[in-house]
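The values are calculated or read from the model by the stated rules, or taken from the named source; none is laboratory data. For clarity, every value in this text was computed on a predicted model and none was experimentally measured. Here the Cβ positions follow ideal geometry from the backbone for every residue, glycine too, while neighbour counts run over all protein chains shown.
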Amino acid sequence: MDNDSEVAAESSIIEAKYKNILESIGDHVSLIDRDFNIVWANRVAKDRYGDNIIGKKCYNIYHGLEQPCEPSPCITMKTLKDGKVHNHETTTLDRHGRKIYLNCSANVAVYDEKNNPIIAVEVSSDITAQKIAEEERDRVIKELKEAIENIKVLTGLLPICARCKNIRDDKGYWHNVEEYFKAHSDTKFSHSICPECRKELYGDIKKK
């Protein structure tokens, strides 16, 4: 029996036993054999990756790869090797090219007559919204930390030259006041001349 016939036979057996149960699950569910063939998939998986995924390699359909996800990322490989449950988080692209974050779990679904695992069930929950929220949270936290650091710099003790009024930064470099505040805050400067400097520059000239 060739590989395609074997996949078809496996698919028929599994579909008869487990279809109703697996179709009722709201997550992406697929059954994968030891050769990494997808032998069954529920409607959620087909809607995400296409109706023609049965018989295709899981690493190609789910990750766009030409070889298995070796050595550590493939939880299906681990499950079929040691018979244990394995979990991880990963990303994938659906058939429309959209990036999806998944929390995946693999377990043994079928054993052979010698009690060796031959088919694994992989359940993948879409956690994209959660991950996007976490990334946004991390971005806001980073911006807040940077803002707090700037506030600390501007509220701390600033070494300033008694003559030219340049400010020394924490690396020992000197900057004029405008440069320093522009680099460490959102302060913007507008320029004018104070009465004392006007008198020094232009003498005691009264405005008309």
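Criterion applied to 127, 75, 61 was being modelled with pLDDT of 95 or more and either assigned by TED's automatic domain parsing to the domain that holds residue 40 or not aliphatic (A, V, I, L, M) (or both), and the one residue passing it is 127. Considering only residues that are in contact with a Leu (Cβ under 8 Å, 6 or more places away or on another chain) and in contact (Cβ under 8 Å) with a residue 40 or more places away in the chain, look in segment 92-109 and name the one that is surrounded by the fewest Cβ atoms within 10 Å (Cβ to Cβ). My answer is 100.
Can you tell me which residue among 22, 31 is at pLDDT below 90, over 22 Å from residue 99 (Cβ atoms) and not in a loop (DSSP other than H, G, I, E, B)? Unique residue meeting the criteria: 22.
Yes/no matrix, rows are residues, columns are (1) within 30 Å of residue 78 (Cβ to Cβ); (2) modelled with pLDDT under 80:
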{"position": "132", "(1), (2)": "yes, no"}
{"position": "136", "(1), (2)": "no, no"}
{"position": "144", "(1), (2)": "no, no"}
{"position": "153", "(1), (2)": "no, yes"}
{"position": "158", "(1), (2)": "no, yes"}
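Does residue 81 satisfy being modelled with pLDDT of 90 or more, more than 16 Å from residue 108 (Cα to Cα) and not small (Gly, Ala, Ser)? No, not satisfied. The sole residue among 83, 55 that is over 24 Å from residue 20 (Cα atoms) and either surrounded by 13 or more Cβ atoms within 10 Å (Cβ to Cβ) or outside the structural domain of residue 102 (by TED's automatic domain parsing) (or both) is 83. Of the residues 55, 50, the single one that is farther than 11 Å from residue 120 by Cα, touching a Ser or Thr at 6+ places or on another chain (Cβ under 8 Å) and not polar (S, T, N, Q) is 55. Counting only residues that are basic (Lys, Arg) and under 22 Å from residue 33 (Cβ atoms), which one in segment 84-121 is modelled with the lowest pLDDT? Only one residue tops the list, namely 114.
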